[in-house]
Amino acid sequence: MRSAALIAGAAATALVAAGAITYAVAEDSGGSSNSPTPTADSADAGFARDMAVHHQQAVEMSYIVRDRTKDVEVRRLAYDIAQTQANQRGMLLGWLDLWNLPKVSADPPMTWMGMGDMASGKDGALMPGMATNTELKKLNSLSGKPAEVFFLQLMTDHHKGGIHMAEGCVDKCRVGVEKRLAQGMVDAQQSEIQLMADMLKERGAKARS
């Protein structure tokens, strides 16, 4: 089926790219006089910290829906999102280790984008696109088609917020491989948003916004 092939292809491409990026980051951040090691308040560090948190919720939602539906297409998408974003999260946290920087900050999320006051953190939604605790609880309570639809709606919102953050890194980050990873996130998640729109349409639904 076309959507299954798109999902598998996107996931494979993302994982291969992730390996190359992991291998290259040391030279690009610490081994070149043209790319000094980022500071704790840099966009590079801020993006790494915030996107690691953002990705962790995507992984959580994906595993929730995997256990709430038997639909092969949705389960495959959820698995691929979980694997890709868990891999990317590991890289982001690994870079912070490489740069000898803390994984948490006293500053509000999105401060590195000049948007520290954008997300209130109300009900667990720390950054744009993130689901609230109430929404996660609801997803956990659903099964079958309702769970599929709600997951696709939540993940669409989540991807939109993630794209906004990744575009911020493309614009503000200085480490070349991190900028390329961020652009890869933008491209992959835009493609998945379209795929999820098609999947929602097949289920008689649409994105929430």
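The values are calculated or read from the model by the stated rules, or taken from the named source; none is laboratory data. Note that the structure is predicted; figures quoted are calculated from it, not measured. When we count neighbours, we look across all protein chains shown, and the Cβ atoms used for this are built from the backbone with ideal geometry, even at glycine. These area figures cover heavy atoms from the full protein model, side chains too; ligands, DNA and RNA do not enter into them. Shrake-Rupley method; radii C 1.70, N 1.55, O 1.52, S 1.80 Å.
Quick notes on this one:
- Checked against the criteria, residue 148 counts as surrounded by 24 or more Cβ atoms within 10 Å (Cβ to Cβ) and among the charged types (D, E, K, R).
- Identity of the residue in the stretch 107-130, in a loop (DSSP other than H, G, I, E, B) and in contact with a helix residue (DSSP H, G or I) (Cβ under 6 Å, 6 or more places away or on another chain), that ends up most open to solvent (accessible area, probe 1.4 Å): 109
- Where a residue in the stretch 74-94 is within 13 Å of residue 148 (Cα to Cα) and its partner, wherever it lies, is at pLDDT below 95 and of a type in the set (Val, Ile, Thr), with Cβ under 9 Å and at least six apart: 76/7; 77/7
- Selected residue (only one of 58, 5 is modelled with pLDDT of 95 or more and under 30 Å from residue 149 (Cβ atoms)): 58
- Entry remark, the stretch 23-40: residues being modelled with pLDDT under 95 and either more than 16 Å from residue 93 (Cβ to Cβ) or in a loop (DSSP other than H, G, I, E, B) (or both) number 12 in total.
- Being of a type outside the set (S, T, N, Q), modelled with pLDDT of 95 or more, open to solvent by 10 Å² or more (accessible area, probe 1.4 Å) and outside any helix (DSSP H, G or I) holds for only one residue in 89, 68, and it is 68.
- Hits in the stretch 157-194 (condition: farther than 18 Å from residue 207 by Cβ and open to solvent by 40 Å² or more (accessible area, probe 1.4 Å)): 167, 170, 171, 172, 174, 179, 180, 183, 187
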